[in-house]
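Here's the structure we're looking at; comments come further down.
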Amino acid sequence: MPAPPLDQFIDDIYCLTGVPRHRRMNVPPMPSAHLFINLGGPARLWDSDPSVPPAIFTDGWFMGVWTRRFLFEYPTRVRLVGVHFKPWGMSPFVDVPAIELRNRWVPVDAVWRRSVDRIRNQVGDVASATETLRVVEEELRSRFAEAGRGLDLVRHASGRLETSHGAVPVGALADAAGVSGNHLAAQFKSHVGITPKRVARIYRFARLILSVDARRPVDWSELAQTAGYFDQAHFIREFKDFTGHTPTEYLALRRRFPAEREFPPDSGPMPAD
């Protein structure tokens, strides 16, 4: 967890090292944006949209909020630092509009000039995870700028969506902030890359998927209602759209490949091999 003021924008910074049990992961939409600094071998990414060509990154990449799933392949040996931004949290660290990073991965050096070389030079090949995280946090501090226009509004509204798991109506968010729905949507597009309605959908799905305990019987109807899905057909359609699987297929996959402790550091991604 970074120290203030970074903790207002970043959930965590983490370091993954070693040999992954599953190299290829299927990653559903989650309420976050990411920066990855790759200190190991090349990583490969595929968009679930077949019209988008795959990408290979040797140094690192930024990713905005995704509204669809993507596939990620670890190198044979992993040495990777991840920065897990809140949905609005990347905005003070980059000059790129959030909407240009939505559903995209962009090389780090296209956004932060020469930063990867600087980080590599400081951590070398033998630095501990603690030292590596310190170096990346210092780079973030050097890049931090004052919040842009409208970000406080987005932070407050997104915070309500987070605590309610997407259950607060967007109209109520706009009314509480004293702005129009169009103004709120425009600010979300600027700082998050997507509308508050889409953010709410992703928070709702995240609540559902992170509440699944594959070690026990799963009552999908109960989980869906708790998460705010009141139409069974809509729930199944959105679940398959976000994961590539039906709920039954997803549960079978989770039971066949139990999540590894803290690798990756949340239970959203799932093996794709």
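Observations, loosely collected:
- Of the trypsin sites (Lys or Arg not before Pro) found in region 189-225, the ones in coil according to DSSP and having at most 12 other Cβ atoms within 10 Å of their Cβ are ARG215.
- FRET efficiency estimate (nearest 0.05) - Cβ-Cβ, ALA233 to ARG120, R0 51 angstrom: 0.55
- Only the Cβ atoms of Lys and Arg (+1) and of Asp and Glu (-1) were treated as charged; on that basis the dipole of region 64-180 about its Cα centre amounts to roughly 240 debye.
- Using the Cβ-Cβ distance between VAL52 and GLU100 with R0 set to 22 Å, the FRET efficiency from 1/(1 + (r/R0)^6) comes to roughly 0.90.
- For GLY150, residues with placed amide H under 5 Å, excluding near neighbours: none
- Take the Cα of LYS240, go 7 Å toward its beta carbon, and the backbone nitrogen atoms of region 206-228 under 18 Å from that spot belong to 220-221, 224.
- Integer Hz, Karplus 6.51/-1.76/1.60 couplings in order for region 45-61, x for Gly and Pro: 9, 10, 7, 5, 7, x, 7, 8, x, x, 10, 10, 10, 9, 10, x, 7
- The Cα-based radius of gyration and maximum Cα-Cα distance (Dmax) for the chain are 18.6, 53 Å.
- Segment GLN8-ARG21, length gained on full extension (0.36 nm per residue, minus Cα span): 1.4 nm
- Whole-percent carbon and sulfur share, accessible surface of the chain, 1.4 Å: 50
- Along its principal axes, region 27-134 has C-alpha extents of 38, 33, 22 angstrom, given from the largest down.
- Heavy atoms of the protein chains alone define the surface here; on that basis the chain has 48 Å² accessible area per residue at 1.4 Å probe size.
- Linear extension gain, ASP109 paired with SER142, 0.36 nm per residue minus alpha-carbon span: 10.3 nm
- Relative contact order, percent, region 140-219 [alpha-carbon distance under 8 Å, six or more residues apart]: 31
The values are calculated or read from the model by the stated rules, or taken from the named source; none is laboratory data. Source: prediction; values computed, not measured. Methodologically, a virtual Cβ is constructed for each residue, glycine included, from the backbone with ideal geometry; neighbour enumeration extends over all protein chains shown. Accessible surface areas use protein heavy atoms only, side chains included; no ligands, DNA or RNA. Shrake-Rupley method; radii C 1.70, N 1.55, O 1.52, S 1.80 Å.
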